[in-house]
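Just so you know, all these numbers are worked out from the coordinates, no wet-lab data involved. Just so you know, these numbers come straight off a predicted model, no measurement behind them. For neighbour counting, all protein chains shown are included, and Cβ atoms are generated from backbone atoms with ideal geometry for every residue, glycine included.
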Amino acid sequence: MICIKPSREVRSLRRSATRDIRERTVALLLLLCGISSVCAIFLIITFIFAEGLPFLIQAGPSFLISSVWRPTDSFSAGLWGIFPIIVGSLIVTLGAVAIGTPLGVACAVFLAEIAPAPVRRVLVPSVNALAGVPSVVYGFFGLLVIVPWIRGQFGGFGTSVFAAWLILFIMILPTIISISTDSIRAVPREYKEGSLAMGATRWQTIRSVLVPAASSGIIASVILGMGRAIGETMAVLMVAGNSVTIPDSIFAPTSTLTAQIALEMGYATGAHREALFAMGIVLFAFIMILTGFANLASRRRITY
Amino acid sequence: MEAKRRELVPLALLWGAGIATLVILIVILVYILANGLPVISWQFLTGEPALWGQTGGGIYSTIVATLAVTGISLLVAAPLSVGGAIYLNEYTKETPLRKVIRQAAEILAGIPSIIVGLFGFLFFVIYLAPITGGWSMISGGLTLAFMVLPISLRTSEEALKTVPTELREGSLGIGATRWQSITTVVLPTALPGIITGLILGVGRAVGETAAILLTAGGSLNLIQSLRDPGRPMTLNIYDVLTEYRDTTTAYGTAAVLIIAILAITLITDVLMNNYTKKLKGL
């Protein structure tokens, strides 16, 4: 299909002295493109930390453990407490992961092992579409369908921890499904064939051979899903209620780091803005810890 | 037989999980489209927005704003990601630098959009205000570029990896330089995969909200230049809902977005399928 013809350009350049310079220039430019990702990370970290770290140091531990968040009338350090916001982020994230993991992993096993080709042809692009739906659309759906349903069914405002769980678990499904499917597919065929040949049923093979062999990838997918959930902003902002309190029930409103930053950046100035950047640092720390765990999990992969 | 019968329930549950995932997607899509499609009309797509405080009106200015920020992000991220992928796949072996770049791209892909937004606000909106115009299409687009970059980089690299080594060797063997064999042999072969990566990046840029919220300004006026603030479609959904609960406009805008995203998913799916078929046939 591909025809390789030494073009006139190729032939004339063959002995050309400019060829060397050109090759080196191109290599250098490509190197610059390559390290642009590294520069991007560096820039982001530098700016977030430059704005937020001085505040974080000045406010000290009370920033993390105090429960009073009153940014607009703050004269003492005690009013900068994000403890309820951190708790809110964790509750929302863990609940979404707890709901999303069984469904996501089951769907991944289905895709990798059970689904006939035509079903897979429909389901794979559907999972991709689920990943492509903008988070604000999920939030919109949550606000107009899930929130009123919770309000009618369980009382309260409807905007609640539970609403955030129901929207977020859908949003992390694609992450869990696609990475888990890949890791189940990566299990060598011999394992499966050996198990089936010894008389194990399909389900026995899945449960005692395939899933254990793919466990490191599956765990990594769940951790990455957790990262997606804790970093999600718009959908949570629209359905969680944005109340800086530790929720006393799953039908009570709460707030998360992401939602609070998005909500208050519009009017924050001075120390308030610095506090929001400090919250960004806390969020960043969570993400880095999760990324580290995900890397550990996938590095532990059994070498075949 | 006993074992066979006992596996029926778990297998049915796995089928259930697959079907449930599909049903979730269909419910969301049908709900948005059923409510949004009736709103869409020529007037809605090309009309001016309602006056401040009123509901209804067209979304032309938000479509233009989406195109502007997406275009800028692609203009910056496309060369960087494709160039970076070429560097990673064609110019390095397993060196520490390569590992660092891969790791950086992975971390970049995992950074929450609100953090990228915070950075974009500080760097583009405040720090580079004389150049970007503060809250503007440029600030929004450049911020989005940070999110498009890792997606396109990863997909482009995957595409380059699938190009058979024999093609490179053949080209180098007849005397082409490395860059010549890349431009004439490797890139054309990997093109569908690279385009897929860029389209995925476009999807990300079109659907992004949180970063845009902090950098693009949010003005509903039609932008006159790229240094003007504007309100892309995603932000419009959020704003019309939270400002005056204009669900009609939100449904219409969401339906336009969903159609765009579905088109993007379908195109990439078809491209990737044809591409893998072609490679297998090689």
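Among residues other than A:V26 with Cβ under 13 Å from its Cβ, the summed charge is +1 (Lys and Arg +1, Asp and Glu -1).
Mean-square fluctuations from a GNM of chain A, with a 10 angstrom spring cutoff on Cα atoms, peak among A:E23, A:E232, A:E190 at A:E23.
Quick one: which of B:K161/B:K277; B:K99/B:K161; B:K161/B:K278; A:K192/B:K278; B:K93/B:K161 span more than 21 angstrom between C-alpha atoms? Walk me through the numbers before you get to the answer.
Values: B:K161/B:K277 16 Å; B:K99/B:K161 16 Å; B:K161/B:K278 15 Å; A:K192/B:K278 29 Å; B:K93/B:K161 13 Å.
Result: A:K192/B:K278 exceed 21 Å.
The loop-placed GluC sites (Glu not before Pro) in the stretch B:90-144, going by DSSP, that have at most 11 neighbouring Cβ atoms within 10 Å of their Cβ come out as B:E94. Between A:S183, A:S160, A:S66, the Gaussian network model of chain A with springs among Cα atoms under 10 angstrom shows the greatest mean-square fluctuation at A:S66.
For the stretch B:40-281, the Cβ-based charge dipole about the Cα centre amounts to some 640 debye (Lys, Arg positive; Asp, Glu negative; other atoms uncharged).
Would the stretch A:142-203 count as rounded, prolate or oblate if I go by the C-alpha gyration tensor, calling it rounded below 1.5 in a/c and otherwise prolate when a/b exceeds b/c, oblate otherwise? Prolate. The alpha carbon gyration tensor of chain B gives principal lengths a ≥ b ≥ c with a/c of 1.5 or higher and a/b no greater than b/c, which makes the shape oblate. Treating r as the C-beta distance of A:E190 and B:Q54 and R0 as 60 Å, the FRET efficiency rounds to 0.35. When the Gaussian network model of chain A links Cα atoms closer than 10 Å, the mean-square fluctuations of A:I57, A:I206, A:I35 top out at A:I35.
For the stretch B:40-281, what is the relative contact order in percent, using Cα pairs closer than 8 Å and at least 6 residues apart in sequence?
Details: 366 pairs, mean separation 65.5, N = 242.
Relative contact order for the stretch B:40-281 comes out at 27 percent.
As a proxy for reagent exposure, ranking B:W42, A:W203 by other Cβ atoms within 10 Å from fewest up yields B:W42, A:W203.
Compute the FRET efficiency between A:L32 and B:L67 as 1/(1 + (r/R0)^6), taking r as their Cβ-Cβ distance and R0 = 45 Å, and round to the nearest 0.05.
Details: r = 28 Å, r/R0 = 0.63.
It comes out at approximately 0.95.
Fewest-first ordering of A:Y267, B:Y244 by other beta carbons within 10 Å of each residue's beta carbon gives A:Y267, B:Y244. Taking every pair of alpha-carbon atoms in the protein assembly as shown, give the share separated by more than 43 Å as a whole percent. Percent of Cα pairs beyond 43 Å in the protein assembly as shown: 23. The mean number of partner chain beta-carbon atoms within 10 angstrom of a residue's beta-carbon across peptide B:183-196 is 1.
Hey, with R₀ at 51 Å, roughly what FRET efficiency would B:V23 and A:A271 work out to, going by the Cβ-Cβ distance, to 0.05? Once the sixth-power term is evaluated, E becomes 0.60. Per-residue shielding of A:97-104, expressed as the average number of other chain Cβ atoms within 10 Å of the residue Cβ, stands at 1. Here A:F162, A:F49 are placed in order of increasing Cβ neighbour count within 10 Å, fewest first, which gives A:F49, A:F162. Shielding by partners for peptide A:79-89, expressed as the average number of C-beta atoms from other protein chains within 10 Å of each residue's C-beta, is 0. Each label was represented as a point 7 Å from its Cα along the Cα-to-Cβ direction; for B:L262 and A:I65 these points are 5.3 nm apart.
How many percent of all Cα-Cα pairs in the stretch A:147-248 sit more than 21 Å apart?
Numbers: 2710 of 5151 pairs.
For the stretch A:147-248, the share of Cα pairs beyond 21 Å comes to 53 percent.
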